[in-house]
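Since the structure comes first, as structure tokens, the remarks are kept for the end.
The values are calculated or read from the model by the stated rules, or taken from the named source; none is laboratory data. Quick caveat, the model's predicted, so the values are computed rather than measured. Backbone-built Cβ (ideal geometry, glycine too); neighbour counts: all protein chains shown. Keep in mind that these areas ignore ligands, DNA and RNA; they rest on the heavy atoms of the full protein, side chains included. Shrake-Rupley method; radii C 1.70, N 1.55, O 1.52, S 1.80 Å.
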Amino acid sequence: MRITHYISLGALLCFLSACEKESEITEDFSSMELEAKAPVFKTLKNNSFPISGAEISDFGKISEHEDLELAIYSAEYITSGEDEHVGNTVFFVDTGNKQLGADFVPGYSLDGTSDISYYIDSNRASVDLDVSVTTAAIGRAMNTWKDITCSEIGLNEIPYDGRPTGLYAQFLGFGGSGAYVADVVHAGWLPGEFFDFLAQDGSQFILGVTFTLVFTSGGVPTDLDNNGKADAAFREIYYNDAFSWNDGGTYDVETIALHEAGHGLSQGHFGKAFRTVSNGKLHFSPRAVMNAAYSGVQTDILKTDNAGHCSNWSSWPNN
């Protein structure tokens, strides 16, 4: 039996749209919190795609569950922070457990291992930087997460071999593939129109986005390890080519890749943002890689980021 992808986004409501709300000036008239607007509901037609050339029996423990399918679960994005469009599926006043609602399951990866693999697609290059520069920057970001000592996730790179990637990009007509490549796929740069599918005028404020695909059975996300979370199958990361990208300046590839890779490794947004009315400056409390808006070049894992990562991975693969 083949595993098929079912993209059913109508029922997900604000998962794939910006739940954003107009900013309001606080009572002291000195600052305003940046929150989310009412969700922009989107409905896309149901479609299914087989994973190219892959039978369910090829996937280790997954072969024990012949009724499994795959579905888009959610999308998390980082914004430029240049206007009041911040946050993603939650308000950007997030002091939760720093975890997403879906996580990988030991032994249930589509490559049949408990290691977490990643792939950097060089087919969709940025118009601003040579692909060797962006690939190196993304690689540095992945190594930064890999170097955190609390986790034993076996984070390893699948070498680039020219194959197309991106199930969601393929679905929207931007080219790609429904084939499984790695657990975390950096699927490259896409034009601004791609990001308008996520939120109204998304091309103007979304820098990068991470899609989570989960296993489902009978249309319901599975929880094979009984941890109260949907079981992540793999994740896809896209970057917005409508912005000017830089290596060490605004907008810094490594910084954004580090943030999106955090989502790829199951970490949610954290922190609070507010803009001072008198001077228009955006502030973060605390400033962290996993803030929902860009706060300048940031290539080191800070305390809250480290805590979020370790809360997800410290006991892996014995979750």
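Dipole orientation for the stretch 249-319: of the candidates Asn306, Asn279, Asn318, Asn279 has the Cα lying most toward the positive pole (charges on Cβ; Lys, Arg +1; Asp, Glu -1).
Listed values for the stretch 192-203 are Karplus-derived 3J(HN,Hα) couplings in whole Hz (6.51 cos²θ - 1.76 cosθ + 1.60, θ = phi - 60°), namely x, 4, 4, 7, 5, 6, 7, 7, 4, 6, x, 4, and x replaces Gly and Pro. Which of the residue pairs Lys281/Lys303; Lys61/Lys146; Lys229/Lys281 have a Cα-Cα distance greater than 32 Å in the structure shown? Among Lys281/Lys303; Lys61/Lys146; Lys229/Lys281, the Cα-Cα distance tops 32 Å for Lys229/Lys281.
Work out the P(r) tail for the stretch 147-248: percent of alpha carbon pairs separated by more than 18 Å, whole number. When every Cα pair of the stretch 147-248 is considered, 59 percent fall beyond 18 Å.
For the stretch 193-319, with every protein chain kept in place, what is the accessible area per residue (1.4 Å probe, Å²)?
Working: 4270 Å² over 127 residues.
Here the per-residue accessible area is 34 Å².
Quick one: accessible surface of Arg287, probe radius 1.4 Å, all protein chains present, in square angstrom to the nearest 10. Per-residue accessible area (Arg287): approximately 100 Å². Heavy-atom accessible area for His309, with the other protein chains in place and a 1.4 Å probe, reaches approximately 0 Å².
The base-10 log of I(q)/I(0) for the stretch 221-319, evaluated at q = 0.14 Å⁻¹, reads -0.65 [Debye formula, identical scatterers on Cα atoms, solvent excluded].
Annotation: amide H-H contacts under 5 Å for Gly107 (H modelled 1.01 Å from N, sequence separation of 5 or more, or interchain): Ser114.
If the segment from Thr149 to Gln200 were pulled out straight at 0.36 nm per residue, it would be longer than the present Cα-Cα gap by 14.3 nm.
The protection proxy used here, the mean number of other Cβ atoms lying within 10 Å of each residue, ranks peptides 108-119, 143-154 as follows, highest first: 108-119, 143-154.
In terms of the mean number of neighbouring beta-carbon atoms within 10 Å, the peptides 291-299, 223-231 order highest first as 291-299, 223-231. For the stretch 165-173, the Karplus equation 6.51 cos²θ - 1.76 cosθ + 1.60, evaluated at θ = phi - 60°, returns couplings of 9, x, 5, 5, 5, 4, 4, 8, x Hz by residue, with Gly and Pro reported as x. Taking amide H as placed 1.01 Å from N in the peptide plane, Ser74 has its amide H under 5 Å from the amide H of Thr212, each at least 5 places away in sequence or on another chain. The calculated FRET efficiency for Asp130 paired with Ser278, based on their beta-carbon distance and R0 = 41 Å, is about 0.50.
The label-point distance for Ser217 and Ser122, in a model that sets each label 7 Å from Cα toward Cβ, rounds to 4.1 nm.
Put simply, the amide H of Glu157, placed in the peptide plane, has neighbours under 5 Å in Tyr118, leaving out anything fewer than 5 places away on its chain.
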